[in-house]
Amino acid sequence: MASTAEDLSSEREMFRDTVRRYVETELMPHAEEWEEAEGYPREVWNQLGEAGLLCVDMPEEYGGLGGDFPMSAVVLEELSRAGLAGLATGVSVHSDIVAPYVLHIGSDEQKQKWLPKMASGEVVGAIAMTEPGAGSDLQNIRSNAKKDGDQWVLNGAKTFITNGIYAGMVIVAAKTTPDGGSKGTSLFTVDTSLEGFRTGRNLRKLGQHSNDTAELFFEDVRLEADAMLGTENRGFMHLMDELPRERIALSIGAVAAAEGVIEKTLEYARERKAFGQSLGQFQNTRFKMAEMKTDLEMARALVQQGTQDYLNGQLTPTRAAMIKLGSTEMQCRVADGCLQIFGGYGYMREYPVARAFADARIQRIYGGTSEIMKELVAREMLGR
Ligand SMILES: Cc1cc2nc3c(=O)[nH]c(=O)nc-3n(C[C@H](O)[C@H](O)[C@H](O)COP(=O)(O)OP(=O)(O)OC[C@H]3O[C@@H](n4cnc5c(N)ncnc54)[C@H](O)[C@@H]3O)c2cc1C
(Lines give C-alpha, C1' and ligand atoms only; values in the text may rest on other atoms or scores of the structure.)
Protein backbone atom coordinates (compact mmCIF):
# COMPACT_ATOMS: atom_id res chain seq x y z
CA MET A 1 0.00 0.00 0.00
CA ALA A 2 1.04 3.60 -0.67
CA SER A 3 2.66 5.69 2.02
CA THR A 4 2.68 9.38 1.02
CA ALA A 5 -0.47 11.46 0.56
CA GLU A 6 0.29 11.78 -3.16
CA ASP A 7 0.75 8.00 -3.56
CA LEU A 8 -2.47 7.44 -1.70
CA SER A 9 -4.46 9.76 -3.90
CA SER A 10 -3.11 8.33 -7.18
CA GLU A 11 -3.73 4.81 -5.90
CA ARG A 12 -7.28 5.86 -5.03
CA GLU A 13 -7.88 7.23 -8.52
CA MET A 14 -6.55 4.02 -10.09
CA PHE A 15 -8.86 2.07 -7.84
CA ARG A 16 -11.73 4.37 -8.92
CA ASP A 17 -11.12 3.47 -12.57
CA THR A 18 -11.27 -0.22 -11.72
CA VAL A 19 -14.46 0.20 -9.69
CA ARG A 20 -16.09 2.35 -12.37
CA ARG A 21 -15.35 -0.23 -15.06
CA TYR A 22 -16.67 -3.01 -12.84
CA VAL A 23 -19.86 -1.06 -12.15
CA GLU A 24 -20.40 -0.36 -15.85
CA THR A 25 -19.70 -3.85 -17.14
CA GLU A 26 -20.79 -6.17 -14.32
CA LEU A 27 -23.50 -4.33 -12.44
CA MET A 28 -25.26 -1.78 -14.65
CA PRO A 29 -26.48 -4.38 -17.17
CA HIS A 30 -28.54 -5.95 -14.33
CA ALA A 31 -29.70 -2.76 -12.62
CA GLU A 32 -33.16 -2.68 -14.19
CA GLU A 33 -33.79 -6.37 -13.57
CA TRP A 34 -32.79 -6.09 -9.88
CA GLU A 35 -35.01 -3.06 -9.37
CA GLU A 36 -37.98 -4.89 -10.89
CA ALA A 37 -37.27 -8.07 -8.93
CA GLU A 38 -36.82 -5.97 -5.75
CA GLY A 39 -33.56 -7.71 -4.97
CA TYR A 40 -30.20 -8.77 -6.32
CA PRO A 41 -28.96 -12.36 -6.18
CA ARG A 42 -26.91 -13.45 -3.16
CA GLU A 43 -23.93 -14.27 -5.45
CA VAL A 44 -23.46 -10.55 -6.10
CA TRP A 45 -21.83 -10.34 -2.66
CA ASN A 46 -19.32 -13.09 -3.54
CA GLN A 47 -18.60 -11.43 -6.88
CA LEU A 48 -17.99 -8.07 -5.17
CA GLY A 49 -15.69 -9.85 -2.72
CA GLU A 50 -13.77 -11.54 -5.51
CA ALA A 51 -13.36 -8.21 -7.29
CA GLY A 52 -11.88 -6.74 -4.09
CA LEU A 53 -14.69 -4.24 -3.58
CA LEU A 54 -15.71 -5.22 -0.03
CA CYS A 55 -14.05 -4.10 3.23
CA VAL A 56 -11.46 -2.16 1.24
CA ASP A 57 -10.03 -0.40 4.28
CA MET A 58 -9.77 -3.47 6.47
CA PRO A 59 -6.18 -4.60 7.14
CA GLU A 60 -4.80 -7.21 4.76
CA GLU A 61 -4.42 -9.72 7.61
CA TYR A 62 -8.22 -9.71 7.82
CA GLY A 63 -8.78 -10.10 4.10
CA GLY A 64 -9.15 -6.40 3.24
CA LEU A 65 -7.07 -4.34 0.85
CA GLY A 66 -5.49 -2.32 3.63
CA GLY A 67 -6.68 0.93 2.05
CA ASP A 68 -7.90 4.00 3.91
CA PHE A 69 -11.47 5.20 4.49
CA PRO A 70 -11.57 7.45 1.37
CA MET A 71 -10.51 4.44 -0.71
CA SER A 72 -13.31 2.32 0.72
CA ALA A 73 -15.68 5.21 0.05
CA VAL A 74 -14.74 5.06 -3.66
CA VAL A 75 -16.92 1.94 -3.96
CA LEU A 76 -19.85 3.78 -2.35
CA GLU A 77 -19.23 6.82 -4.57
CA GLU A 78 -19.14 4.86 -7.80
CA LEU A 79 -22.25 2.83 -6.95
CA SER A 80 -24.11 5.98 -5.91
CA ARG A 81 -23.01 7.99 -8.92
CA ALA A 82 -24.18 5.22 -11.24
CA GLY A 83 -27.61 5.28 -9.57
CA LEU A 84 -27.24 1.84 -7.94
CA ALA A 85 -28.49 3.23 -4.64
CA GLY A 86 -29.78 -0.06 -3.22
CA LEU A 87 -26.47 -1.80 -3.67
CA ALA A 88 -24.60 1.30 -2.48
CA THR A 89 -26.51 1.27 0.80
CA GLY A 90 -26.05 -2.47 1.29
CA VAL A 91 -22.32 -2.36 0.59
CA SER A 92 -21.75 0.73 2.68
CA VAL A 93 -23.52 -0.78 5.71
CA HIS A 94 -21.43 -3.93 5.27
CA SER A 95 -18.01 -2.36 4.57
CA ASP A 96 -18.19 1.14 6.06
CA ILE A 97 -20.28 0.49 9.17
CA VAL A 98 -20.37 -3.15 10.29
CA ALA A 99 -16.76 -4.11 9.49
CA PRO A 100 -15.30 -1.02 11.27
CA TYR A 101 -17.28 -1.84 14.43
CA VAL A 102 -15.67 -5.28 14.47
CA LEU A 103 -12.24 -3.83 13.70
CA HIS A 104 -12.44 -1.01 16.26
CA ILE A 105 -14.04 -2.73 19.25
CA GLY A 106 -14.00 -6.45 18.41
CA SER A 107 -11.73 -8.99 20.07
CA ASP A 108 -8.99 -10.64 18.04
CA GLU A 109 -11.16 -13.77 17.75
CA GLN A 110 -14.12 -11.73 16.47
CA LYS A 111 -11.92 -10.02 13.86
CA GLN A 112 -10.55 -13.40 12.70
CA LYS A 113 -14.00 -14.95 12.69
CA TRP A 114 -15.91 -12.28 10.75
CA LEU A 115 -13.70 -9.90 8.78
CA PRO A 116 -12.12 -12.28 6.23
CA LYS A 117 -15.55 -13.75 5.44
CA MET A 118 -17.03 -10.28 5.13
CA ALA A 119 -14.21 -9.24 2.78
CA SER A 120 -14.84 -12.26 0.54
CA GLY A 121 -18.62 -11.82 0.60
CA GLU A 122 -19.14 -15.19 2.25
CA VAL A 123 -20.81 -13.37 5.15
CA VAL A 124 -23.01 -10.29 4.70
CA GLY A 125 -23.02 -7.84 7.60
CA ALA A 126 -25.95 -5.89 9.07
CA ILE A 127 -26.51 -3.70 12.08
CA ALA A 128 -29.78 -3.79 14.00
CA MET A 129 -30.62 -0.93 16.30
CA THR A 130 -34.11 0.17 15.21
CA GLU A 131 -37.18 -1.54 16.64
CA PRO A 132 -40.88 -1.12 15.88
CA GLY A 133 -41.21 1.03 19.01
CA ALA A 134 -37.82 2.77 18.97
CA GLY A 135 -36.11 4.52 16.08
CA SER A 136 -34.85 8.01 16.87
CA ASP A 137 -35.41 7.30 20.54
CA LEU A 138 -32.91 4.45 20.68
CA GLN A 139 -32.70 4.39 24.45
CA ASN A 140 -36.20 2.98 24.37
CA ILE A 141 -35.24 -0.33 22.77
CA ARG A 142 -36.82 -3.43 24.30
CA SER A 143 -34.61 -6.18 22.88
CA ASN A 144 -32.78 -7.67 25.81
CA ALA A 145 -30.09 -10.17 26.61
CA LYS A 146 -30.04 -11.98 29.96
CA LYS A 147 -27.10 -13.87 31.39
CA ASP A 148 -27.52 -17.61 31.82
CA GLY A 149 -24.32 -19.20 33.05
CA ASP A 150 -21.64 -18.37 30.48
CA GLN A 151 -24.19 -17.53 27.81
CA TRP A 152 -26.51 -14.67 26.95
CA VAL A 153 -30.12 -15.29 25.96
CA LEU A 154 -31.31 -12.73 23.42
CA ASN A 155 -34.95 -11.82 22.82
CA GLY A 156 -36.52 -9.05 20.79
CA ALA A 157 -37.48 -7.73 17.36
CA LYS A 158 -35.78 -5.27 15.03
CA THR A 159 -37.15 -3.58 11.95
CA PHE A 160 -35.98 -1.78 8.78
CA ILE A 161 -32.66 -3.65 8.83
CA THR A 162 -30.54 -3.11 5.71
CA ASN A 163 -29.11 -6.42 4.35
CA GLY A 164 -31.61 -8.13 6.67
CA ILE A 165 -32.42 -10.99 4.31
CA TYR A 166 -28.86 -11.93 3.32
CA ALA A 167 -27.13 -11.11 6.62
CA GLY A 168 -24.89 -13.83 8.04
CA MET A 169 -23.84 -11.67 10.98
CA VAL A 170 -25.85 -8.92 12.62
CA ILE A 171 -24.60 -6.48 15.22
CA VAL A 172 -27.54 -6.25 17.61
CA ALA A 173 -28.12 -3.60 20.26
CA ALA A 174 -29.88 -5.06 23.29
CA LYS A 175 -30.52 -4.07 26.89
CA THR A 176 -28.28 -5.93 29.30
CA THR A 177 -29.14 -3.84 32.37
CA PRO A 178 -32.83 -2.95 31.94
CA ASP A 179 -32.83 0.05 34.31
CA GLY A 180 -29.33 1.20 33.36
CA GLY A 181 -30.50 4.00 31.02
CA SER A 182 -27.86 4.87 28.47
CA LYS A 183 -25.45 2.65 30.41
CA GLY A 184 -27.57 -0.47 30.15
CA THR A 185 -27.19 -1.43 26.49
CA SER A 186 -24.64 -3.80 24.92
CA LEU A 187 -23.80 -4.87 21.38
CA PHE A 188 -23.60 -8.46 20.20
CA THR A 189 -22.36 -10.12 17.02
CA VAL A 190 -25.18 -12.51 16.20
CA ASP A 191 -24.59 -15.40 13.82
CA THR A 192 -27.84 -15.69 11.87
CA SER A 193 -27.55 -19.49 11.64
CA LEU A 194 -28.24 -19.74 15.39
CA GLU A 195 -31.43 -21.32 16.57
CA GLY A 196 -34.11 -18.80 17.52
CA PHE A 197 -33.12 -16.25 14.87
CA ARG A 198 -35.72 -15.54 12.23
CA THR A 199 -35.88 -13.09 9.32
CA GLY A 200 -39.19 -11.48 8.42
CA ARG A 201 -40.26 -10.53 4.93
CA ASN A 202 -38.30 -8.30 2.58
CA LEU A 203 -39.97 -4.94 3.22
CA ARG A 204 -41.36 -3.13 0.16
CA LYS A 205 -39.94 0.38 -0.03
CA LEU A 206 -40.55 3.63 -1.89
CA GLY A 207 -37.05 3.50 -3.39
CA GLN A 208 -33.78 1.54 -3.23
CA HIS A 209 -35.79 -1.47 -4.36
CA SER A 210 -32.87 -3.74 -5.05
CA ASN A 211 -31.64 -3.69 -1.45
CA ASP A 212 -33.07 -6.12 1.08
CA THR A 213 -34.53 -4.45 4.17
CA ALA A 214 -36.14 -6.72 6.73
CA GLU A 215 -37.55 -7.33 10.16
CA LEU A 216 -35.46 -9.60 12.37
CA PHE A 217 -36.72 -11.69 15.28
CA PHE A 218 -34.74 -13.15 18.16
CA GLU A 219 -36.40 -15.78 20.30
CA ASP A 220 -34.23 -17.19 23.08
CA VAL A 221 -31.15 -16.97 20.87
CA ARG A 222 -28.30 -18.40 22.93
CA LEU A 223 -25.08 -16.43 22.50
CA GLU A 224 -21.70 -17.45 23.82
CA ALA A 225 -20.01 -14.87 26.06
CA ASP A 226 -17.57 -14.05 23.25
CA ALA A 227 -20.43 -12.79 21.05
CA MET A 228 -20.44 -9.52 23.01
CA LEU A 229 -18.94 -6.74 20.91
CA GLY A 230 -17.00 -4.21 22.94
CA THR A 231 -17.71 -3.67 26.61
CA GLU A 232 -20.82 -4.76 28.51
CA ASN A 233 -23.28 -1.90 29.04
CA ARG A 234 -21.21 0.46 26.87
CA GLY A 235 -23.25 -0.18 23.72
CA PHE A 236 -24.41 3.43 23.45
CA MET A 237 -20.91 4.79 23.85
CA HIS A 238 -19.75 2.46 21.08
CA LEU A 239 -22.64 3.60 18.85
CA MET A 240 -21.81 7.24 19.52
CA ASP A 241 -18.14 6.62 18.65
CA GLU A 242 -19.01 5.07 15.28
CA LEU A 243 -21.86 7.38 14.25
CA PRO A 244 -19.65 10.18 12.84
CA ARG A 245 -18.12 7.73 10.35
CA GLU A 246 -21.55 6.37 9.41
CA ARG A 247 -22.82 9.90 8.83
CA ILE A 248 -19.82 10.89 6.74
CA ALA A 249 -20.31 7.75 4.63
CA LEU A 250 -23.96 8.66 4.06
CA SER A 251 -22.89 12.16 3.09
CA ILE A 252 -20.28 10.87 0.63
CA GLY A 253 -23.02 8.78 -0.98
CA ALA A 254 -25.31 11.84 -1.10
CA VAL A 255 -22.74 13.94 -2.97
CA ALA A 256 -21.95 11.15 -5.46
CA ALA A 257 -25.63 10.41 -6.13
CA ALA A 258 -26.35 14.12 -6.72
CA GLU A 259 -23.40 14.33 -9.10
CA GLY A 260 -24.71 11.33 -11.04
CA VAL A 261 -28.20 12.71 -11.44
CA ILE A 262 -26.89 16.13 -12.49
CA GLU A 263 -24.78 14.46 -15.21
CA LYS A 264 -27.83 12.60 -16.54
CA THR A 265 -29.93 15.77 -16.48
CA LEU A 266 -27.32 17.75 -18.39
CA GLU A 267 -27.44 15.15 -21.17
CA TYR A 268 -31.21 15.32 -21.26
CA ALA A 269 -31.26 19.14 -21.23
CA ARG A 270 -28.99 19.14 -24.29
CA GLU A 271 -31.07 16.62 -26.23
CA ARG A 272 -34.72 17.34 -25.41
CA LYS A 273 -36.34 20.00 -27.58
CA ALA A 274 -39.32 22.25 -26.82
CA PHE A 275 -40.47 25.38 -28.62
CA GLY A 276 -37.75 24.86 -31.20
CA GLN A 277 -34.81 24.82 -28.83
CA SER A 278 -33.13 22.47 -26.38
CA LEU A 279 -34.21 22.61 -22.73
CA GLY A 280 -30.70 23.75 -21.89
CA GLN A 281 -31.32 26.99 -23.75
CA PHE A 282 -34.20 28.09 -21.51
CA GLN A 283 -32.97 30.48 -18.89
CA ASN A 284 -34.86 28.58 -16.20
CA THR A 285 -33.04 25.34 -17.01
CA ARG A 286 -29.67 27.10 -17.07
CA PHE A 287 -30.26 28.85 -13.75
CA LYS A 288 -31.65 25.72 -12.16
CA MET A 289 -28.65 23.65 -13.29
CA ALA A 290 -26.25 26.34 -12.03
CA GLU A 291 -28.04 26.48 -8.68
CA MET A 292 -27.95 22.71 -8.27
CA LYS A 293 -24.29 22.47 -9.21
CA THR A 294 -23.49 25.19 -6.65
CA ASP A 295 -25.56 23.39 -4.02
CA LEU A 296 -23.65 20.17 -4.81
CA GLU A 297 -20.21 21.78 -4.69
CA MET A 298 -20.89 23.48 -1.35
CA ALA A 299 -21.92 20.12 0.11
CA ARG A 300 -18.90 18.42 -1.46
CA ALA A 301 -16.54 20.92 0.19
CA LEU A 302 -18.14 20.30 3.58
CA VAL A 303 -18.02 16.52 3.13
CA GLN A 304 -14.38 16.57 2.00
CA GLN A 305 -13.42 18.65 5.01
CA GLY A 306 -15.38 16.29 7.27
CA THR A 307 -13.64 13.27 5.77
CA GLN A 308 -10.27 14.88 6.42
CA ASP A 309 -11.31 15.69 10.00
CA TYR A 310 -12.40 12.08 10.43
CA LEU A 311 -9.02 10.84 9.21
CA ASN A 312 -7.30 13.20 11.66
CA GLY A 313 -9.52 11.98 14.51
CA GLN A 314 -11.13 15.42 14.77
CA LEU A 315 -14.63 14.90 13.42
CA THR A 316 -17.05 15.82 16.21
CA PRO A 317 -20.56 14.30 16.42
CA THR A 318 -22.07 17.78 15.91
CA ARG A 319 -20.02 18.43 12.80
CA ALA A 320 -20.92 14.99 11.40
CA ALA A 321 -24.61 15.72 12.08
CA MET A 322 -24.34 19.07 10.28
CA ILE A 323 -22.67 17.44 7.28
CA LYS A 324 -25.23 14.63 7.09
CA LEU A 325 -28.07 17.15 7.35
CA GLY A 326 -26.67 19.48 4.70
CA SER A 327 -25.62 16.85 2.18
CA THR A 328 -28.72 14.66 2.28
CA GLU A 329 -31.07 17.64 2.11
CA MET A 330 -29.01 18.84 -0.88
CA GLN A 331 -29.32 15.41 -2.53
CA CYS A 332 -33.11 15.54 -2.24
CA ARG A 333 -33.30 19.12 -3.57
CA VAL A 334 -31.11 18.15 -6.52
CA ALA A 335 -33.06 14.97 -7.30
CA ASP A 336 -36.31 16.95 -7.22
CA GLY A 337 -34.93 19.77 -9.38
CA CYS A 338 -33.55 17.30 -11.94
CA LEU A 339 -36.83 15.40 -12.07
CA GLN A 340 -38.64 18.64 -12.91
CA ILE A 341 -36.33 19.21 -15.88
CA PHE A 342 -37.26 15.76 -17.24
CA GLY A 343 -40.95 16.75 -17.19
CA GLY A 344 -43.35 13.79 -17.37
CA TYR A 345 -40.54 11.40 -18.24
CA GLY A 346 -39.00 12.21 -14.89
CA TYR A 347 -41.96 10.57 -13.21
CA MET A 348 -41.53 7.30 -15.10
CA ARG A 349 -39.75 4.58 -13.17
CA GLU A 350 -37.70 3.46 -16.13
CA TYR A 351 -36.00 6.87 -16.13
CA PRO A 352 -32.99 6.94 -13.78
CA VAL A 353 -34.03 10.37 -12.50
CA ALA A 354 -37.30 8.96 -11.13
CA ARG A 355 -35.33 6.30 -9.28
CA ALA A 356 -32.80 8.86 -8.05
CA PHE A 357 -35.67 10.90 -6.60
CA ALA A 358 -37.24 7.93 -4.79
CA ASP A 359 -33.86 6.52 -3.72
CA ALA A 360 -32.74 9.83 -2.23
CA ARG A 361 -35.69 10.26 0.09
CA ILE A 362 -34.54 7.79 2.73
CA GLN A 363 -31.22 9.58 3.15
CA ARG A 364 -32.98 12.21 5.28
CA ILE A 365 -34.35 9.49 7.55
CA TYR A 366 -31.87 6.66 8.19
CA GLY A 367 -28.60 7.14 10.03
CA GLY A 368 -30.56 9.67 12.15
CA THR A 369 -33.34 11.86 10.73
CA SER A 370 -32.78 15.44 9.61
CA GLU A 371 -34.73 16.59 12.67
CA ILE A 372 -32.42 14.66 15.00
CA MET A 373 -29.40 16.12 13.14
CA LYS A 374 -30.82 19.63 13.70
CA GLU A 375 -31.38 18.83 17.36
CA LEU A 376 -27.73 17.74 17.73
CA VAL A 377 -26.47 20.90 16.03
CA ALA A 378 -28.83 23.15 18.01
CA ARG A 379 -27.80 21.51 21.28
CA GLU A 380 -24.24 22.72 20.78
CA MET A 381 -25.50 26.20 19.93
CA LEU A 382 -28.21 26.59 22.55
CA GLY A 383 -27.67 23.81 25.08
CA ARG A 384 -30.29 21.18 25.89
C1 LIG B 1 -34.69 1.75 4.06
C2 LIG B 1 -34.30 1.83 5.50
C3 LIG B 1 -33.12 1.25 5.92
C4 LIG B 1 -32.77 1.28 7.27
N5 LIG B 1 -31.65 0.61 7.70
C6 LIG B 1 -31.45 0.47 9.04
C7 LIG B 1 -30.43 -0.42 9.53
O8 LIG B 1 -29.69 -1.05 8.76
N9 LIG B 1 -30.28 -0.56 10.87
C10 LIG B 1 -31.07 0.11 11.78
O11 LIG B 1 -30.89 -0.07 12.97
N12 LIG B 1 -32.05 0.96 11.33
C13 LIG B 1 -32.26 1.14 10.00
N14 LIG B 1 -33.26 1.96 9.55
C15 LIG B 1 -34.07 2.66 10.52
C16 LIG B 1 -33.84 4.17 10.56
O17 LIG B 1 -32.60 4.46 11.11
C18 LIG B 1 -35.02 4.79 11.36
O19 LIG B 1 -36.17 4.68 10.53
C20 LIG B 1 -34.76 6.24 11.73
O21 LIG B 1 -33.77 6.32 12.72
C22 LIG B 1 -36.04 6.92 12.26
O23 LIG B 1 -36.68 6.16 13.24
P24 LIG B 1 -38.25 5.85 13.11
O25 LIG B 1 -38.50 5.33 11.75
O26 LIG B 1 -38.66 5.01 14.26
O27 LIG B 1 -38.95 7.26 13.21
P28 LIG B 1 -39.34 8.05 14.55
O29 LIG B 1 -38.20 8.05 15.48
O30 LIG B 1 -40.65 7.52 15.03
O31 LIG B 1 -39.54 9.52 14.00
C32 LIG B 1 -40.73 9.95 13.34
C33 LIG B 1 -40.60 11.45 13.05
O34 LIG B 1 -40.49 12.17 14.29
C35 LIG B 1 -39.33 12.97 14.25
N36 LIG B 1 -38.72 13.01 15.60
C37 LIG B 1 -38.44 11.96 16.42
N38 LIG B 1 -37.84 12.40 17.53
C39 LIG B 1 -37.73 13.74 17.40
C40 LIG B 1 -37.17 14.78 18.21
N41 LIG B 1 -36.60 14.51 19.39
N42 LIG B 1 -37.24 16.05 17.76
C43 LIG B 1 -37.80 16.33 16.57
N44 LIG B 1 -38.34 15.42 15.75
C45 LIG B 1 -38.29 14.13 16.17
C46 LIG B 1 -38.40 12.27 13.28
O47 LIG B 1 -37.41 13.17 12.77
C48 LIG B 1 -39.37 11.81 12.22
O49 LIG B 1 -39.66 12.86 11.34
C50 LIG B 1 -33.60 1.97 8.20
C51 LIG B 1 -34.78 2.59 7.76
C52 LIG B 1 -35.14 2.50 6.45
C53 LIG B 1 -36.46 3.09 6.03
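The values are calculated or read from the model by the stated rules, or taken from the named source; none is laboratory data. None of the values given here were measured: they were computed from a predicted structure. No Cβ is skipped: glycine too gets one built from the backbone with ideal geometry, and neighbour counts run over all protein chains shown. These area figures cover heavy atoms from the full protein model, side chains too; ligands, DNA and RNA do not enter into them. Shrake-Rupley method; radii C 1.70, N 1.55, O 1.52, S 1.80 Å.
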### Of 117/146; 117/324; 113/175; 264/324, pairs whose Cα-Cα distance is over 27 Å
117/146; 117/324
### Query
Using the alpha-carbon centroid of each, what span in Å lies between the stretch 141-177 and the stretch 10-26?
37
#### Entry: Sparse-neighbour loop sites [trypsin sites (Lys or Arg not before Pro); the stretch 133-175; at most 15 other C-beta within 10 Å; DSSP]
142
### Message
Suppose each label sits 7 Å from its Cα in the direction of the beta carbon; what would the residue 177-residue 375 distance come out to in nanometres?
### Response
2.4
### Message
Nearest 500 deg cm²/dmol is fine: what mean residue ellipticity at 222 nm does the chain get from its DSSP H runs of n ≥ 4 alone, each adding -39,500 (n - 2.57), divided by its residue count?
### Response
-16000 deg cm²/dmol
### Query
How much of the accessible area of the stretch 236-382, probe 1.4 Å, is carbon plus sulfur, in whole percent?
56
## Note on the structure
Given chymotrypsin sites (Phe, Trp or Tyr not before Pro), DSSP loops and at most 15 other Cβ atoms within 10 Å, the longest exposed-site-free stretch of the chain is 1-274
### Query
Rounded to the nearest whole Å², what accessible area per residue is found for the chain with the 1.4 Å probe?
46
### Task
Just the number, please: carbon plus sulfur as a percent of the accessible area of the stretch 127-232, 1.4 Å probe, no ligands or DNA/RNA counted.
46
### Query
Can you pull the Rg over Rh of the stretch 132-219, Cα-only, Kirkwood?
0.99
### Summary
Low-density loop trypsin sites (Lys or Arg not before Pro), the stretch 176-255, at most 13 other Cβ within 10 Å, DSSP non-H/G/I/E/B, are 204
### Summary
Taking r as the C-beta separation of residue 28 and residue 314 and R0 as 35 Å, the FRET efficiency to the nearest 0.05 is 0.40
### Query
Among 85-92, 293-300, how do they line up from the highest to the lowest mean number of other beta-carbon atoms within 10 Å?
85-92, 293-300
### Cα-based reach from residue 205 at 21 Å (exclusive), listing lysines while leaving out same-chain residues under 8 positions away
158
## Note on the structure
Magnitude of the Cβ-charge dipole (Lys and Arg +1, Asp and Glu -1) of the chain about the Cα centre, nearest 20 debye, reported as 1440
### Task
Only Lys, Arg, Asp and Glu count, each charged at its Cβ (+1, +1, -1, -1), so figure out the dipole size of the stretch 295-379 about its Cα centre, rounded to 20 debye.
140
### Task
Please express the Cα-Cα pair-distance distribution P(r) of the chain as a list of whole percents, one per 20 Å bin, running from 0 to the bin with the greatest distance.
28, 58, 13, 1
### Most mobile listed residue (132, 317, 352) in the chain, GNM with C-alpha springs under 10 Å
132
